[in-house]
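Q: What follows is a single structure, and I will ask about it in a moment.
Please treat every number below as a calculation from the coordinates, not as lab data. Just so it is clear, the structure is predicted and the values come from calculations on it, not from any experiment. Counting neighbours? That spans all protein chains shown, and the Cβs are built from the backbone with ideal geometry, glycine included.
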Amino acid sequence: MIKTRFTELVGVEHPIVQGGMQWVGRAELVAAVANAGALGFITALTQPTPDDLTREIARCRGLTDKPFGVNLTILPSIKPPPHAEYRQAIIESGIKIVETAGNKPQEHVTEFKRHGVVVVHKCTSVRHALSAERMGVDAISIDGFECAGHPGEDDTPGLILIPVAADKVKIPLIASGGFGDGRGLVAALALGAEGINMGTRFMCTKEAPRSSPWRKKARPSSRSVNSSPGPAARWSTRRATPTKASGRQARCKG
Ligand SMILES: Cc1cc2nc3c(=O)[nH]c(=O)nc-3n(C[C@H](O)[C@H](O)[C@H](O)COP(=O)(O)O)c2cc1C
């Protein structure tokens, strides 16, 4: 067991996080991650409505009694989803840990903090990390250019971004992008992070929903959340990038 300020903050055994993943972050995967002693996030916007999110949270509670959280992704969009209503569903469901990602989370951070929710903000640059710290978030998840999802606009790889962020940010910081096994975790800790966040590695587990458009593109895997990663986790993260696959969302994670 590796104890860090991050594991203490969110109350999990291992400094490992399964970040929000559109179409992938559903109850079965999140509960499997939680039962393995790490922190999983249900992806709010995968649920068609805030009421569906409430039901998904309840479903997850039926599968684990360990802590888990919800990811709320706030991206610029011509027709934005009702973020405030999803936020309300999260708060009313009694969720105590949230991962925010995307533009200007202030309004959400203020509301979550008012209700005693721990906020982990995921971003791709030191300036956004510092800005989120000033907004009052509890931890930062810093995503290098290697990450799947939205790699931001600065294109800074983790080997450069993580130590610089660790030097500047005072609250707990976890490293994200391209991590897939224990070697990566040790490297992240050496770079000054207090844990890692993984997406692709978890997408390639048997607990991830096979129906997701991204999961279908991954090599079939019989590996579970608990097993060592093997070839599936080395599958290119770039090919899992929703931006490239769908082009629906803007390429930024402010
Ligand atoms: C299929 C897929 C969908 C994702 N969707 C989201 C999302 O909706 N919101 C978000 O904050 N991050 C999203 N991510 C990013 C992950 O939470 C995580 O930050 C990223 O995958 C880390 O990089 P890695 O895949 O190299 O481990 C997604 C990642 C994947 C693989």
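Q: Let me know the charge dipole size of segment 5-208 about its Cα centre in debye, to the nearest 20, where only the beta-carbon of Lys, Arg (+1) and Asp, Glu (-1) is charged.
A: 200 debye
Q: Something else about it: Taking H placed 1.01 Å from N in the peptide plane, check which residues at least 5 places from Trp23 or on another chain put their amide H under 5 Å from its amide H.
A: Correct list: Thr46.
Q: Subtracting the Cα-Cα distance from 0.36 nm times the residue separation, let me have the gained length for Arg59 to Ala84 in nm, one decimal.
A: Between Arg59 and Ala84, full extension yields an extra 6.8 nm.
Q: With θ set to phi - 60°, apply the Karplus curve 6.51 cos²θ - 1.76 cosθ + 1.60 along segment 170-185 and write out the HN-Hα couplings as whole Hz, x wherever there is a Gly or Pro.
A: Taking θ as phi minus 60°, the curve returns 8, 6, x, 10, 10, 9, 9, x, x, 8, x, 7, x, 4, x, 4 Hz for segment 170-185.
Q: Residues with amide H under 5 Å of Ile74's amide H, sequence separation 5 or more or different chain, H placed in the peptide plane at 1.01 Å from N; which?
A: Ala101, Gly102, Asn103
Q: Give the aspartates and glutamates reachable from Lys3 as a straight Cα distance under 14 Å; neighbours fewer than 8 places away on the same chain don't count.
A: Within the straight-line limit of under 14 Å, Lys3 reaches these aspartates and glutamates: Glu13, Glu194.
Q: Continuing with this model, one more query. Pop out the ³J(HN,Hα) list for segment 82-94 in order, Karplus 6.51 cos²θ - 1.76 cosθ + 1.60 with θ = phi - 60°, rounded to Hz; leave Gly and Pro as x.
A: x, 4, 5, 6, 5, 4, 4, 4, 5, 5, 5, 7, x
Q: Which peptide among 187-199, 16-28, 106-118, 124-136 comes first, and what is the full order, when sorted by highest mean count of other Cβ atoms within 10 Å?
A: 16-28, 187-199, 124-136, 106-118
Q: Label 7 Å along Cα→Cβ of Gln106; segment 136-177 residues with amide nitrogen under 12 Å?
A: Under 12 Å, as judged by backbone N against the label point of Gln106, lie 136 of segment 136-177.
Q: Which value, in debye to the nearest 20, describes the size of the charge dipole of segment 1-112 about its Cα centre when Lys and Arg Cβ atoms bear +1, Asp and Glu Cβ atoms bear -1, and nothing else is charged? Can you show the working numbers first?
A: Working: 11 positive and 12 negative charges, 36 e Å.
With only Lys, Arg, Asp and Glu charged at Cβ, the dipole is about 180 debye.
Q: Taking 7 Å along the Cα-to-C-beta vector as the label spot, tell me the Thr4-Leu159 distance in nanometres, rounded to one decimal.
A: 1.9 nm
Q: Right, another one. Provide the net charge surrounding Ala175, with neighbours chosen by a C-beta distance below 12 Å and charges set as Lys +1, Arg +1, Asp -1, Glu -1. Write down the numbers at each step before the final one.
A: Values: positive: Lys122; negative: Asp143, Glu146, Glu194.
That works out to -2.
Q: What does the convex hull of the Cα atoms of segment 106-187 come to per residue, in Å³, rounded to a whole number?
A: Values: hull volume 8.1 nm³, N = 82.
Per-residue hull volume (Cα only) is 99 Å³.
Q: How are the alpha carbon pair distances in segment 97-146 distributed across 10 Å bins from zero to the largest one, expressed in percent?
A: Spelled out per bin, shortest first, that is 29, 59, 12, 1.
Q: Amide H of Gly40 versus every other amide H placed in the peptide plane: which residues, excluding those fewer than 5 positions away on the same chain, fall under 5 Å?
A: Placed amide hydrogens put Gln18, Ala34, Gly69 under 5 Å from Gly40.
Q: Per the Cauchy relation, a quarter of the hull surface: what is the mean projected area of the convex hull of the alpha carbons in segment 5-208, in nm²?
A: For segment 5-208, averaging the hull's shadow over all directions gives 10.0 nm².
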